[in-house]
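The values are calculated or read from the model by the stated rules, or taken from the named source; none is laboratory data. The structure presented is a predicted model; accordingly, all values stated were derived computationally and were not measured. As a convention, Cβ positions derive from the backbone with ideal geometry for all residues, glycine included, and neighbour counts pool all protein chains shown. Please note that ligands, DNA and RNA were not included when accessible areas were found on the heavy atoms of the full protein model with its side chains. Shrake-Rupley method; radii C 1.70, N 1.55, O 1.52, S 1.80 Å.
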Protein chains: 2
Amino acid sequence: MDIGFIGLGAMGLPMARNLHKAGLLVGVWNRTRSQAEALAGETGVAVAADPGELARRCDVVFTCVSADEDLAAVIDALLPGLSAGSTVVDTSTVSQAAARDAARRLAGVGADFLDAPMSGGVEGARQGTLAMMVGGDAGVLERVRPALDALSGRIAHMGPVGAGQAAKAVNQVMVAGINQAVSEALAFAEALGLPMDRVIETTSAGAAGNWFLSHRGATMTSGHFEPGFKVALHRKDLTICRDMAQAYGVSLPMVEMTLVHYRRLCDAGYGDEDISALFREKQKLFKTGSK
Amino acid sequence: MDIGFIGLGAMGLPMARNLHKAGLLVGVWNRTRSQAEALAGETGVAVAADPGELARRCDVVFTCVSADEDLAAVIDALLPGLSAGSTVVDTSTVSQAAARDAARRLAGVGADFLDAPMSGGVEGARQGTLAMMVGGDAGVLERVRPALDALSGRIAHMGPVGAGQAAKAVNQVMVAGINQAVSEALAFAEALGLPMDRVIETTSAGAAGNWFLSHRGATMTSGHFEPGFKVALHRKDLTICRDMAQAYGVSLPMVEMTLVHYRRLCDAGYGDEDISALFREKQKLFKTGSK
């Protein structure tokens with residue numbers, strides 16, 4: 001199975017490296033060419049002139065981009081090189097509509113599409129332990145499973161095309177709520193003058209234990225917000241979640257609250273920080289409090 | 001070290017059993033005497049006629065009760081039997097003021113007090129893996145550590161008397177937020193028609209992973225809300241958190257939102273269910289939505 005990779009960002013780059021380690025990666029393409037050349041220098045894989053060329057020389061192309069319009073543009077560029085039997089696996093977080101549109105266009109040339117967004121942070125991407133939520137044909141999933149195994153500790157088939165994105169939306173709602181929970185609780189702990197390292201360790205070991213606290217608790221409370229997962233990107237994901245909920249006539253309280261906080265952070269110039277920067281907003285509560 | 005235990009509820013009973021297994025438990029007392037007699041029948045430990053008698057025959061008395069006024073009543077009843085060198089370790093979740101008041105009254109007879117609330121659910125209590133947040137004198141903590149080791153996988157000294165309760169309040173804020181996160185996300189997943197078992201497994205393996213999802217996700221989505229941790233008790237804890245935040249002139253958004261939901265659940269007769277019953281409120285969003 002010859003694999004190509006498009007989108008060498010914070011998540012894509014370590015994923016491409018893991019496909020290389022598994023002996024599956026033959027070529028890459030990236031909008032900013034220097035990123036692709038750096039990886040090529042490191043691994044010896046080819047840098048394609050354009051996505052179409054990459055598609056022609058690969059059985060499976062992975063994509064990892066930021067938003068609906070990026071996926072649509074990559075599909076445009078891939079199409080001339082795709083043919084019957086080609087597969088595109090999109091690991092981006094986009095709307096269900098964007099995934100279905102991509103699948104429909106690929107079907108026109110006999111190519112297959114899976115939406116396979118993932119969760120687990122840059123750490124999971126690096127370690128090949130991402131959780132992967134897959135939408136699309138179960139047979140296609142089985143065909144590309146060896147490649148997914150190089151990236152993921154847990155692969156779950158969620159249903160037809162779009163179901164992977166639906167599950168990812170659920171995941172992003174949960175991440176928003178947990179960010180709210182951890183940042184609010186730790187800002188409270190700081191105001192109470194508690195020893196933060198011990199609070200983080202102890203709460204991690206009990207019923208409040210969670211990945212985000214274990215992986216971001218120490219950095220956020222020491223004022224370090226390097227991504228990680230950018231506020232602006234999670235904000236984009238949550239607007240997708242909002243739209244999906246609105247189709248049910250529902251407003252999700254945790255999503256709405258987090259969108260307000262993320263808008264403030266973006267307005268203040270913190271959009272490129274890790275989402276744990278929500279701690280800044282919670283600290284403000286206590287700074288402006290009237291003690 | 002001869003240990004007595006008062007308060008054989010959902011958490012206290014398995015904790016007392018673990019102290020018995022460690023060869024430390026000599027006697028128990030419980031407001032509802034039948035509970036104490038059941039444990040005595042099982043373990044051979046004595047049932048004290050009253051807390052004072054228990055205090056007289058023990059070096060250390062553990063208490064595990066529900067609220068400030070319960071702790072005050074138990075301290076009243078213990079005092080006649082306490083003397084210099086006695087220690088009371090209160091594992092209840094109460095206000096910092098209640099902990100400080102208990103410590104002050106014990107100091108009057110030369111006895112020591114630790115506030116040592118814990119987290120980890122009934123599972124943690126059963127398995128002896130509770131996370132314990134301790135306030136009080138560090139020397140007293142070292143003296144009773146062998147007993148705490150029988151209950152806890154992680155013991156952290158947070159500061160003077162009251163600091164354990166402060167850390168627990170932080171923990172309870174986090175638990176509230178995580179409950180919001182998990183219940184909102186899973187109600188969303190249900191509305192989207194996703195395979196719930198796979199959603200729970202996969203989100204557990206990624207950046208949204210958390211204890212509550214792993215331990216309550218499957219039961220809550222199948223409509224089972226046996227405690228666990230009762231809504232009414234977490235509501236009581238969150239009112240303590242609210243009061244503490246108000247001392248800073250601060251209203252904590254996650255706490256306020258959860259108190260609204262818990263009030264509704266209690267009014268509807270669900271106060272004795274596990275806190276994962278918050279799922280009922282989130283499901284209502286989609287049931288009353290206008291899809």
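Counting only protein heavy atoms and rolling a 1.4 Å probe, how much accessible area do A and B lose on contact, total for both sides, in Å² to 100? Don't skip to the end; give the middle numbers.
Working: alone 13120 and 13100 Å², together 20670 Å².
Rounded to the nearest hundred, the buried surface is 5600 Å².
Accessible area of region B:3-159 with a 1.4 Å probe: how many percent of it is carbon plus sulfur? List each step's numbers first, then the result.
Details: 2820 of 5660 Å².
That fraction is 50 percent.
Got a sec? What order do B:ASP76, B:ASP70 fall in by accessible area at 1.4 Å, biggest, i.e. largest, first?
Details: B:ASP76 85, B:ASP70 35 Å².
In descending accessible area the options line up as B:ASP76, B:ASP70.
To the nearest 20 debye, what charge dipole does region A:166-285 have about its Cα centre, counting +1 at the Cβ of each Lys and Arg and -1 at the Cβ of each Asp and Glu? Mind showing how you got there, number by number?
Details: 12 positive and 13 negative charges, 43 e Å.
Computed charge dipole of region A:166-285: roughly 200 debye.
If you take the charge dipole of the protein assembly as shown about its Cα centre, with +1 on Lys and Arg Cβ and -1 on Asp and Glu Cβ, which of B:ALA245, A:LEU233, B:ALA116 is farthest toward its positive end?
B:ALA245
Using a Gaussian network model of chain B with C-alpha springs under 10 Å, which one of B:LYS230, B:LYS168, B:LYS21 is most mobile by mean-square fluctuation?
Per the Cα network of chain B with a 10 Å cutoff, B:LYS21 tops the list.
Any idea what the dipole of region B:233-291 comes to, in debye rounded to 20, about its Cα centre with Lys/Arg Cβ at +1 and Asp/Glu Cβ at -1?
Values: 10 positive and 8 negative charges, 73 e Å.
Roughly 360 debye, rounded to the nearest 20.
For chain B, give the share of DSSP beta bridges that are antiparallel, in percent and rounded to the nearest 5; count only bridges with both residues there.
On the way: 4 of 28 bridges.
About 15 percent, rounded to the nearest 5.
Put A:LYS284, B:LYS287 in order of accessible area, largest first, 1.4 Å probe: what do you get? Kindly include the intermediate steps, with their values, before the conclusion.
Working: A:LYS284 95, B:LYS287 150 Å².
Output order, biggest surface exposure first: B:LYS287, A:LYS284.
Shape verdict for region A:125-265, please, from the Cα gyration tensor: rounded (a/c under 1.5), prolate (a/b greater than b/c) or oblate. Let's see the in-between values first.
Working: a/c = 2.49, a/b = 1.48, b/c = 1.68.
Oblate is the answer for region A:125-265, as a/c is 1.5 or above yet b/c matches or exceeds a/b.
For chain B, what is the mean residue ellipticity at 222 nm derived from helices alone (per DSSP H run of n ≥ 4: -39500 (n - 2.57); sum divided by total residues; nearest 500 deg cm²/dmol)? Provide the component values of the computation, followed by the final result.
Details: 13 runs with 160 residues, N = 291.
-17000 deg cm²/dmol, from helical runs alone.
Taking the dipole about the Cα centre of the protein assembly as shown, with the C-beta of Lys and Arg at +1 and of Asp and Glu at -1, give me whichever of A:PRO80, B:ALA277, A:VAL199 is farthest to the positive side.
It is B:ALA277.
Considering the rotational relationship between chains B and A, which residue of chain B contributes the beta-carbon of minimal distance to the axis, and what is that distance to the nearest Å?
For chain B, the closest residue to the axis carrying it onto A is B:ASN210, 2.
Just tell me which lysines come within less than 21 Å, Cα to Cα, of B:LYS230; anything on the same chain fewer than 8 places away is out.
Candidates past the 8-residue exclusion: B:LYS168, B:LYS282, B:LYS284.
Using a 10 angstrom cutoff on alpha carbons, build the Gaussian network for chain B and name the most mobile of B:ALA185, B:ALA55, B:ALA147.
Judging by the Gaussian network model, the answer is B:ALA185.
Skipping prolines and chain starts, which residues have an amide H placed within reach, meaning under 5 Å, of the one on B:VAL88, given they are 5 or more residues away or on another chain?
Amide H neighbours of B:VAL88, under 5 Å, 5+ apart: B:VAL61, B:ASP112, B:PHE113, B:LEU114.
When chain B is treated as a GNM, springs tying every alpha-carbon pair under 10 Å, which of B:ALA49, B:ALA77, B:ALA176 comes out with the largest mean-square fluctuation?
B:ALA49
If you rank B:ARG154, B:ARG216 by how much accessible surface each has, with a 1.4 Å probe, what is the order from largest down?
Sorted descending by solvent-accessible area, the residues read B:ARG154, B:ARG216.
Just to verify a number: what accessible area does B:ASP243 come out at with the full protein assembly present, 1.4 Å probe, Å² rounded to tens?
In the full protein context, B:ASP243 sits at about 100 Å².
Using each residue's phi in region A:84-89, evaluate 6.51 cos²θ - 1.76 cosθ + 1.60 at θ = phi - 60° and report the 3J(HN,Hα) Karplus result to the nearest Hz, with x for Gly and Pro.
These are the phi-based 3J(HN,Hα) values: 4, x, 5, 9, 10, 10 Hz.
Given axes a ≥ b ≥ c from the Cα gyration tensor, I'd like to know whether region B:1-159 is rounded (a/c under 1.5), prolate (a/b larger than b/c) or oblate. If you can, show how the numbers build up before the last one.
Working: a/c = 1.39, a/b = 1.08, b/c = 1.29.
Rounded, since a/c falls under 1.5.
Order these peptides, A:22-29, A:244-251, by their mean beta-carbon neighbour count within 10 angstrom, highest first. Each step should come with its number before you reach the end.
Values: A:22-29: 21.2, A:244-251: 17.1.
Highest to lowest by the protection proxy: A:22-29, A:244-251.
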